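The values are calculated or read from the model by the stated rules, or taken from the named source; none is laboratory data. Predicted model only: the values in this text are computed from it and were never measured. Glycine gets a Cβ as well: all are built from the backbone with ideal geometry, and neighbour counts include every protein chain shown. Surface accessibility is based on the protein's heavy atoms, side chains included, excluding ligands, DNA and RNA. Shrake-Rupley method; radii C 1.70, N 1.55, O 1.52, S 1.80 Å.
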Amino acid sequence: LKRRLPDLRLVDIDNAGDAIDIALIWKVPPGLERFGNLRAILSLGAGVDQLDLDTLPKNVPLARLKDDSLTACMIDYCRLAVLRYHRDFHLYERLSREGGPWRYELPKRTSERCVGILGLGELGGAVAGDLVSAGFQVAGWSRSRKEVAGVRSCIGPEGLEEIAAMSEILINLLPLTPQTENILNRQFFSKMRVGSYLINVGRGRHLAEDDLLWALDEGRLAGATLDVFRTEPLPAGHPFWGDRRILVTPHIAAAGNPETAADYVAENIRRALRGERLLNQVDVSRGY
Ligand SMILES: NC(=O)c1ccc[n+]([C@@H]2O[C@H](COP(=O)([O-])OP(=O)(O)OC[C@H]3O[C@@H](n4cnc5c(N)ncnc54)[C@H](OP(=O)(O)O)[C@@H]3O)[C@@H](O)[C@H]2O)c1
């Protein structure tokens, strides 16, 4: 930030007196409301579910982090996780470890496989575009209807049922809000195609964990790739560890890069100082 904005004075909030223009935060620090001249709050997370939005000073715009490297990283993760199921690598990994037998699964074409994505925002939209380029049938669920080339846009409760019924591989990229908490639950899984796969890269609290185990036991789901958990790190002895149907990754789907993230933060600082709308400004009333 200092390289991009040489005149910027960066201070620790505890030593800031009562005059700062812009707050860069991860969680809401106590006493933020004492800064009467605050022009923007810039969250250094890609989501804002770690913030108690009710405790933020009113009428100060809030933006979350946008970072091209993070988006690229998420695209890689989702492409890899989708292709792993699409080309049966999860099966060959297991057979390799177990000493066979030799099993030949005729590969499907990508155009014969439907991938559903819950959330078609910054990340979900980019992942959808990538999977369309790879030839998959892609459907996405969002609050507002989308026009994305090659993506079937689904909305509302019927849209959610539709996407559950269509998808052989389902990616969750929703933000965590009161409306989306526990959305991946028994009711949802019972609408999914028998033998389908879940990839959860949203937040751990989107998933009702016992319901996932139920869906796997019932054969409704054939496997899950999970990057986020209700408790992180995933505690030792948790039933997800060692379950051969589940791949656990340590909340690594997408990480920010300081260089590219700094470009966005610097641009938002400039915008805030000019009194302009921020990039990736959060609608606090919606919670994302
Ligand atoms: N695992 C990781 O490493 C990692 C890294 C970064 C982010 N994430 C997660 O990814 C999430 C998504 O990030 P993003 O940048 O893509 O968020 P975003 O740009 O805010 O997009 C959110 C999408 O979800 C849709 N949505 C929100 N609430 C909904 C509801 N109640 N019903 C239907 N659709 C709803 C939105 O619909 P509209 O478009 O109609 O508003 C939008 O398409 C983050 O919140 C974070 O939890 C995970």
**Complete:** So His238 and Asp283, fully extended at 0.36 nm per residue minus their Cα-Cα distance, gain in nm 12.6 nm
**Fill in**
Counting Lys and Arg as +1 and Asp and Glu as -1 over every other residue whose Cβ sits under 11 Å from the Cβ of Gly204, the net charge comes to -2
**Item:** Surface per residue (accessible, 1.4 Å probe) for the chain, Å²
**Value:** 52 Å²
**Asked** So who's got an amide H within less than 5 Å of the one on Leu247, skipping anything under 5 residues away but keeping other chains? H placed 1.01 Å off N, in plane.
**Response** Ala224, Thr225, Leu226
**Request:** May I ask for the angle, rounded to the nearest 10°, between helix 68-86 and the longest principal axis of the chain, with both axes built from Cα atoms and the value confined to 0 to 90°?
**Result:** 10 degrees
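At 1.4 Å probe size, with the rest of the protein present, what percent of the exposed accessible area of the chain is carbon and sulfur atoms? Can you show the working numbers first?
Numbers: 7690 of 14940 Å².
Here it works out to 51 percent.
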**Request:** Return the long-range amide H neighbours of Ala40 (sequence gap of 5 or more, or a different chain), with a cut-off of under 5 Å between placed amide H atoms.
**Result:** Ala23
**Interchain or long-range residues, amide H under 5 Å from Leu170's placed H** = Gly116, Tyr197, Leu198, Ile199
**Message:** Roughly how far apart, in whole Å, are the Cα centres of region 91-158 and region 14-90?
**Reply:** 27 Å
**Complete:** Simple SL model, points at 7 angstrom along Cα→Cβ for Asp18 and His251; separation in nm is 3.6 nm
**Asked** Using Cα pairs under 8 angstrom and six or more residues apart, how large is the relative contact order of region 1-66, in percent?
**Response** 30 percent
**Complete:** The simple spin-label model distance between Trp214 and Thr260, using points 7 Å out along Cα→Cβ, in nm, is 3.9 nm
**Message:** Springs between alpha-carbon pairs under 10 angstrom, Gaussian network model over the chain: which of Ile25, Ile169, Ile269 fluctuates most?
**Reply:** Ile25
**Asked** What nm distance separates the two modelled labels at Tyr92 and Ser133, each placed 7 Å from Cα along Cα→Cβ?
**Response** 2.4 nm
